[in-house]
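Participant: This is the structure, below, for whatever I ask next.
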RNA sequence: GGGGUCGUAGUUCAACUGGUUAGAGCGCCGCCCUGUCACGGCGGAAGUUGCGAGUUCGAGUCUCGUCGGCCCCGCCA
């Protein structure tokens, strides 16, 4: 197919190009055939331009133009003219001019697309994903991916300026225990053996520190075979960072520098540094989450001290068992109807709450179903403790420590959404620090690492390792933006003895540790520098900076909730011969 | 693994308690229309109601199963 190549893009012509003869290549965005004169918009990544076909000027050209349909790929040559007075389109950059066509080539026809290539279309995500190449033509997705591109560039430039070395690590690696479920890749040459796709380049980047690279970063694809969410895909992108001879403050400084630059260049927003810091304990107890959204207040308050002696069994039993009774204030919700309260009770029950106690506080007094069991004085002390005001609704949950706070944390967000307390234009960043190092897993009857097994305990908690392991705090930190975890990392263990001790606490025997992580332990024998690092959830950052609700909208070819790719229909079955080569038999 | 919600024309939706030939907007096709930009006017085609069973005289509607989309819990070092 011969066609004239473009001299300009569809987004750049304006009154400065008047009377020039130009050629545009692109897609037919829309057509308006008035019987005589035909207008079309021709569209490419850069914009769209109105093209005019006038039958009086060129009959055969006009006849050809009348066969144009949506999404045909064309080449149009013509002269740029100022639009007649009053005919300008102020909505688009090229709206003051139009192209009077003199030549037209239909480069490629197109079937009618299953949905129009327009913004703000109301189309099921299923259809959009099946025809992803059409969805990606829409301006929103184009702009999202362009922002993503700019963030790659900002990242590379920033780390390069700060003496970091970009190093690629293997995609085919050793499967290691702990952490997420691995994606496995069978080995053809080694029957019965498997590679794993990296959940993150964790061990490699630590070894790069042993190798002396001092400052490493990588924009790395990571893979985790776990269930999906709006902000979780089985394959996703991390900005992976590791540094030698550093402590937490060094990491924070580098990270904050990058985030500040991203916000300035993408949003034009100057963030204040240093970012807020909240301990894990405070985050849980005040906000019911280790990734609190600080765009609104609604803090959780503990009521145990006020309720120790009360008759009300729901409270007293929980307190006796060492649990917590805590509550939060739903502002201006005292007018909630019975069914609205039933509704939020249902909400917390779905999260596993036994129930929800409410207190309405108005100028008429205190109204609560527990007034039968709890004295007026205690109810008043609760209202005081909660700092409730007339018109507020107090919601109280009683359960064990983590469950009660988790439920209140979810309720906090629910109330904020219902009461419209979240300012979408606000960005609240904070560090969450002092995570526990270990947590006990009843299913596995052993401790498991909260972050990962290479995370250093806090030095001042070292002696607790033998006595109260669950009390040991980790040198781990998460960066949180508007209730999303956007980065997480730690200062690592670089001492072989401490690493071995960690493995033994995790119930990993010496021989198992040697088998699974021997290469790392061996590397540590040869002079490992103190080091630490962090990894950013790149997709989530792009999502938040583009104002999208799902990372699917910032990933070119994402998977559905059931980890399928609807466009290319993967995963799919493979030939028997392929399986044979890989020494794999499928159980049916 | 669990909870919720949805699945009807290309698409977005409608169809009262089960009841005539499953409708509408947009899109598509045809005709008319020379300054539109959500062009307009007239006409038309378009359906395995996701799939499979069952209940019933009769199922888009009820029941069971199954497949798929989305949200959440678990899970995600």
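Participant: Which percent, to the nearest 5, of DSSP beta bridges fully inside chain A are antiparallel?
Facilitator: Restricted to chain A, the bridges split so that about 90 percent are antiparallel.
Participant: Also, I was wondering about something else. Roughly speaking, what is the stretch gain from residue A:417 to residue A:154, that is 0.36 nm per residue apart minus the C-alpha to C-alpha distance, in nm to one decimal?
Facilitator: Stretched fully, the residue A:417-residue A:154 segment lengthens by 91.4 nm.
Participant: Here's a follow-up. When Rg is the radius of gyration of the Cα atoms in the stretch A:417-483 and Rh is its Kirkwood radius, what does Rg/Rh come to?
Facilitator: A ratio of 1.17.
Participant: P(r) tail for the stretch A:15-108, what percent of Cα pairs lie past 14 Å?
Facilitator: 62
Participant: Mind sorting A:8, A:405 by how few other Cβ atoms lie within 10 Å of their own Cβ, fewest first?
Facilitator: A:8, A:405
Participant: What percentages, rounded to whole numbers, describe P(r) for the stretch A:78-205 computed over all alpha carbon pairs with 10 Å bin width beginning at zero?
Facilitator: 9, 17, 22, 25, 15, 9, 5, 0
Participant: Can you pull the semi-axes for chain A, root of five times each eigenvalue of the Cα gyration tensor, sorted largest first, whole Å?
Facilitator: Working through the eigenvalues yields semi-axes of 52, 36, 23 Å.
Participant: For each of A:501, A:59, count neighbouring Cβ atoms within 10 Å of the residue's Cβ, then give the residues from fewest to most.
Facilitator: With the fewest neighbours first, A:501, A:59 line up as A:59, A:501.
Participant: Taking the Cα-to-Cβ direction at residue A:304 and at residue A:174 and moving 7 Å from each Cα, how far apart do the two end points lie in nm?
Facilitator: Placing both labels 7 Å beyond Cα along the Cβ direction yields 4.4 nm.
Participant: Hey, quick one: spin label on residue A:525, modelled 7 Å out along Cα-Cβ, who in the stretch A:187-207 has an amide N within reach, i.e. under 18 Å?
Facilitator: Correct set: A:207.
Participant: Using 17 Å as the cut-off for backbone N distance, which residues of the stretch A:65-88 belong to the label zone defined by a point 7 Å from the Cα of residue A:119 along Cα→Cβ?
Facilitator: Hits in the stretch A:65-88 for residue A:119 at 17 Å: none.
Participant: Starting from 0 in steps of 5 Å, tell me what percent of the Cα-Cα pairs of the stretch A:440-521 lands in each bin.
Facilitator: Percent of Cα pairs in each bin: 3, 13, 24, 23, 18, 12, 5, 2, 0.
Participant: Another question about this same structure. Which parts of the stretch A:211-234 would a label at residue A:350 reach, counting a residue when its backbone N lies under 20 Å from a point 7 Å out along Cα-to-Cβ?
Facilitator: Counting only backbone N, you get A:227-232.
Participant: Sticking with this one: Hull surface divided by four, with the convex hull built on the Cα atoms of the stretch A:296-422: how many nm²?
Facilitator: 7.0
Participant: Still on this structure: Compute the angle between helix A:510-525 and the longest alpha-carbon principal axis of chain A, please, reported from 0 to 90 degrees and rounded to the nearest 10.
Facilitator: 70
Participant: Under the rule a/c < 1.5 gives rounded, and otherwise a/b versus b/c splits prolate from oblate, where does the stretch A:473-554 land using the Cα gyration tensor?
Facilitator: Prolate.
Participant: Related question: Express the relative contact order of the stretch A:287-326 as a whole percentage, based on alpha carbon pairs under 8 Å and six or more residues apart in sequence.
Facilitator: 38
Participant: Calculate, in nm to one decimal, what residue A:401 and residue A:189 gain on full extension: separation in residues at 0.36 nm each, minus their alpha carbon distance.
Facilitator: Taking residue A:401 through residue A:189 to full extension adds about 71.2 nm, to one decimal.
Participant: Any idea how far the Cα center of the stretch A:517-562 sits from the one of the stretch A:151-211, in Å?
Facilitator: Using only Cα atoms, the two centres lie 10 Å from each other.
Participant: What whole number of Å gives the distance from the Cα centroid of the stretch A:380-407 to the Cα centroid of the stretch A:4-43?
Facilitator: Their Cα centres are 63 Å away from one another.
Participant: Could you give the length gained by full extension between residue A:314 and residue A:439, i.e. 0.36 nm per residue of separation minus their alpha carbon distance, to one decimal place?
Facilitator: 42.3 nm
Participant: What is the fewest-to-most order of A:496, A:580 by other Cβ atoms lying within 10 Å of their Cβ?
Facilitator: A:580, A:496
Participant: Would you mind checking the tilt of helix A:376-385 against the longest principal axis of the Cα atoms of chain A, expressed as 0 to 90 degrees and rounded to 10?
Facilitator: The two axes meet at around 50 degrees.
Participant: Extending each Cα 7 Å along its Cβ direction at residue A:364 and residue A:229, get the distance between those two points in nm, one decimal.
Facilitator: Here the modelled spin labels are 4.0 nm apart.
Participant: Continuing with this model, one more query. Please compute one quarter of the surface area of the Cα convex hull for the stretch A:511-588 and express it in square nanometres.
Facilitator: That works out to 10.7 nm².
Participant: For the stretch A:544-588, just the Cα set please: Rg and Dmax, both in angstrom.
Facilitator: 16.4, 47
Participant: Taking the square root of 5 times each eigenvalue of the Cα gyration tensor, what semi-axes in Å does the equivalent ellipsoid of the stretch A:280-362 have, largest first?
Facilitator: They are 20, 19, 13 Å, listed largest first.
Participant: I've got another one for you. Taking the convex hull of the alpha carbon atoms in the stretch A:133-205, what volume per residue do you get, in Å³?
Facilitator: Residue-normalised Cα hull volume stands at 160 Å³.
Participant: Relative contact order of the stretch A:426-537, please, whole-number percent, based on alpha carbon pairs below 8 angstrom and at least 6 residues apart.
Facilitator: Relative contact order for the stretch A:426-537 comes out at 27 percent.
Participant: What is the projected area of the convex hull of the Cα atoms of the stretch A:363-416, averaged over all directions, in nm²?
Facilitator: 4.5
Participant: On C-alpha positions alone, give me the angle between the axis of helix A:338-350 and the longest principal axis of chain A, in degrees, nearest 10.
Facilitator: So the inclination is approximately 80 degrees.
Participant: At 222 nm, what helix-only mean residue ellipticity would chain A give, in deg cm²/dmol to the nearest 500, using -39500 (n - 2.57) for each DSSP H run of four or more?
Facilitator: -8500 deg cm²/dmol
Participant: Below 8 Å, C-alpha to C-alpha, sequence gap of six or more: please give me the relative contact order for the stretch A:296-422 in percent.
Facilitator: 36
Participant: Can I ask one more? According to a simple spin-label model (label point 7 Å from Cα along Cα-to-Cβ), what is the distance in nm between residue A:2 and residue A:570?
Facilitator: Distance between label points: 4.0 nm.
No lab work stands behind these numbers, since they all come straight from the coordinates. Keep in mind that what you see is a predicted model, and the values were worked out from it rather than measured. As a convention, Cβ positions derive from the backbone with ideal geometry for all residues, glycine included, and neighbour counts pool all protein chains shown.
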